[in-house]
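What follows draws every value from the coordinates through simple rules; no lab data is involved. Model, not experiment: these values are computed from the prediction. Neighbour counts run over all protein chains shown; Cβ positions are idealised from the backbone, glycine included.
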Amino acid sequence: MSKAVTALNGVRFTDGIADVAELPMQGMITLRGDLSMAVLKKAVKSNTGLAVPDQGQVAQDGAFAVAWMSPDEVLILCPYGDVQGIIAKLDKALIKAHVLAVDVSDARALFQIAGVHARAVMAKLAPVDVSERSFQPGMFRRTRMAQTAAAFWIADTDTFHIICFRSQARYMFDLLCVAAQKGSEVGRF
């Protein structure tokens with residue numbers, strides 16, 4: 001069996017106003033269904049330790065996160081090796097519910113922007129107010145960054161995580177590096 005690898009083999013850029021890094025393999029499960037169902041909420045909680053978050057939010061604790069993607073979808077982040085076991089448990093717990101749990105781990109890429117100018121980098125690429133006043137830890141957005149679909153959240157004041165399609169990983173990395181190049185501070189954050 002082949003070994004799973006990230007799209008860009010863990011590439012990093014540290015010579016700018018913020019550090020850009022592709023993160024290691026990340027388990028990602030798309031769970032679609034009625035998010036108000038008690039059985040779905042219970043299944044998510046029992047498999048992640050986290051509650052289904054409210055709209056525009058992400059719940060995170062250690063190796064697990066649950067992100068609100070749409071009125072009928074959450075994205076569960078977990079250790080890469082745990083994905084199949086969690087899906088099996090979700091399928092068993094939700095057998096009578098109209099839901100879909102799918103492993104999307106290998107179809108996505110995960111990046112991190114870190115540093116005091118991380119907000120400036122994000123502001124250049126996404127049509128989202130990422131000021132500290134408007135975008136705080138626990139908030140989550142699906143949007144476009146330049147010409148690609150993406151989702152992101154802020155882990156702490158100076159660290160963003162970005163998810164995009166694996167096929168667009170090189171484009172996303174290059175975008176982030178250009179936005180983080182030396183001398184490109186915007187002086188707003």
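How far, in degrees from 0 to 90, does helix 83-93 lean away from the longest principal axis of the Cα atoms of the chain, to the nearest 10?
With both axes taken from Cα atoms, the answer is about 40 degrees.
For the range 27-106, report the % of Cα-Cα distances exceeding 19 Å.
In whole percent, the share of Cα-Cα pairs in the range 27-106 beyond 19 Å is 23.
Between helix 169-179 and the chain, what is the angle of the helix's C-alpha long axis to the longest principal axis, kept within 0 to 90° and rounded to the nearest 10?
So the inclination is approximately 40 degrees.
Going through the range 44-146, which trypsin sites (Lys or Arg not before Pro) have at most 13 other Cβ atoms within 10 Å and a DSSP loop state?
Lys96, Arg133
Most fluctuating residue of Pro53, Pro137, Pro79 in a GNM of the chain with Cα springs under 10 Å: which is it?
Taking springs between Cα atoms under 10 Å, the residue moving most is Pro79.
Here are labelled values, [x] 17.0; [y] 18.1; [z] 19.1, and one is the computed Kirkwood radius over Cα pairs in Å for what I pasted. Which one?
Derived directly from the coordinates: [x].
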